[in-house]
Amino acid sequence: MSNLRDVVNERDEVIRQAGKEEIQEQGLICRVAFIMLVNDEGELLLHQRAATKRSYPLYWSGAAAGHLNAGESYLECAIRETKEEIGLTVDLTEIGRFYSEPDREMVGVFLGRCDDLEDLTVEPMEVEKVEFFSLERLDERRPTMMITSYVERSLPLVLSHLR
């Protein structure tokens, strides 16, 4: 596996490759795949990030997420990260992209289905726990819940596809 990532501009055009450390040190923009999974009841599968994560420890996030390797497509990364982080291989559909200025990342958002938590194999270095959240429960808990900006930014995309 390559340790290089594609560096992109704000239009998601690849301008070169660089390593993780160089990207962080120079504030370069890289790509991320963000995966949201939903069950038959319309509940969203969220995971709480491990306490040891450098960014957003113990924050709630989507089902899985990860940085694209150089030359990797958003979909390839989404499939890889879903398998690595929660042990699932599911059909994923890209439902949109956004640029996260604070994180300096271009984010591709994917939607898929998962109906049973027993199907998951959680990577403990990445994930503290996983839970399904109804939209009502999520709305109730959001004011006091540590939640990543990716969930906030992805929800309108997800909701438009669930209707």
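Throughout, read-outs are computed from the coordinates displayed, never taken from laboratory work. Predicted model only: the values in this text are computed from it and were never measured. Here the Cβ is made from the backbone with ideal geometry for all residues, glycine too, and neighbour counts use every protein chain on show.
Average the reciprocal distances over every distinct pair of alpha-carbons in the chain, invert the result, and give the Kirkwood radius in Å. One over the average 1/r among Cα pairs gives 16.0 Å for the chain. Close amide H contacts of Leu88 (hydrogens built in the peptide plane, cut-off under 5 Å, sequence separation of 5 or more or a different chain): Lys83, Thr121.
Quick one: of the DSSP bridges fully inside the stretch 4-158, what percent are antiparallel, nearest 5?
On the way: 27 of 37 bridges.
Rounded to the nearest five, the antiparallel share is 75 percent.
In a reduced charge model with +1 at each Lys and Arg Cβ and -1 at each Asp and Glu Cβ, the stretch 15-82 shows a dipole moment near 280 debye about its Cα centre. Between the listed residues His47, Asn9, Ala64, the Cα displaced farthest toward the positive end of the dipole of the chain, a dipole computed from Cβ unit charges relative to the Cα centre, is found at Asn9.
Dividing the helix sum by the residues of the chain, where each DSSP H run of 4 or more adds -39500 (n - 2.57), gives a mean residue ellipticity at 222 nm of -7500 deg cm²/dmol. Candidates Pro156, Ile86, Val130 compared by Cα position along the dipole of the chain: farthest toward the positive end lies Pro156, with charges placed on Cβ. Across the stretch 84-163, C-alpha contacts under 8 Å between residues 6 or more apart give a mean separation that, scaled by the residue count, equals a relative contact order of 31 percent.
With charges only on Cβ, +1 for K and R and -1 for D and E, what is the dipole size of the stretch 1-123 about its Cα centre, in debye, rounded to 20?
On the way: 13 positive and 25 negative charges, 108 e Å.
I would put it at about 520 debye.
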